[in-house]
Amino acid sequence: EAVGLQPTRWSLRHSLFRKGYQLLDPYVTVSVDQVRVGQTSTKQKTNKPTYNEEFSATVTDGHQIELSVFHDTPIGYDDFVANCTLHFQDLLRSAGSSDSFEGW
């Protein structure tokens, strides 16, 4: 899930609503070491989407996972909204395991 997503400049320019009320059509891409391994569905007209979707990928010697949020635009390129990068070593330390993410 994401909370507090802010509208992009592009969506504000083409909005009929006031700036504070612009809703996004967000989706999330999942990448491991800059290789896309999945993408969620697009949630319509929300700035706090919940996805509850699963992705499965075999990763060997991976360093990081990146979650990027985009606004699905009807024409042209989708707008970047936000991203988060998590390092596998940090996740392993916090999980108390040293070699596996199976079932994570």
Checklist entry - Once amide H atoms are built 1.01 Å from N in the peptide plane, which residues 5 or more positions from Gln39, or in another chain, come under 5 Å H to H? => result Val30
Checklist entry - Summing +1 for each Lys or Arg and -1 for each Asp or Glu, what net charge is found among the other residues whose Cβ lies under 15 Å from the Cβ of Asp25? => result 0
Checklist entry - So what is the relative contact order of region 26-95, in percent, for Cα pairs below 8 Å that sit 6 or more residues apart? => result 31
Checklist entry - Short version: ³J(HN,Hα) in whole Hz for each residue of region 45-53, in order, from phi by Karplus 6.51 cos²θ - 1.76 cosθ + 1.60 (θ = phi - 60°), x for Gly and Pro, what are they? => result 6, 8, 10, 9, x, 10, 10, 6, 10
Item to check | Residue-by-residue Karplus 3J(HN,Hα) for region 31-42, coefficients 6.51, -1.76, 1.60, Hz, glycine and proline x | outcome: 10, 10, 6, 6, 10, 5, 10, x, 8, 6, 6, 8
Checklist outcome for this item: Sorted largest first, the Cα spans of region 26-95 on the principal axes come out in Å as 39, 22, 19
Checklist outcome for this item: Amide H contacts under 5 Å for Ala82, restricted to residues at least 5 apart in sequence or on another chain and with H modeled in the peptide plane, are Val69
Next on the checklist: Suppose a student asked you for the relative contact order of region 40-81, using Cα pairs under 8 Å spaced at least 6 residues apart; what percent would you report?
Outcome noted: 25
Item to check | Linear extension gain, Asn83 paired with Arg9, 0.36 nm per residue minus alpha-carbon span | outcome: 25.0 nm
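Each value in this text was obtained by applying a stated rule to the coordinates, not by laboratory testing. The structure presented is a predicted model; accordingly, all values stated were derived computationally and were not measured. Neighbour counts are summed over all protein chains in view; Cβ atoms, including those assigned to glycine, are modelled from backbone coordinates with ideal geometry.
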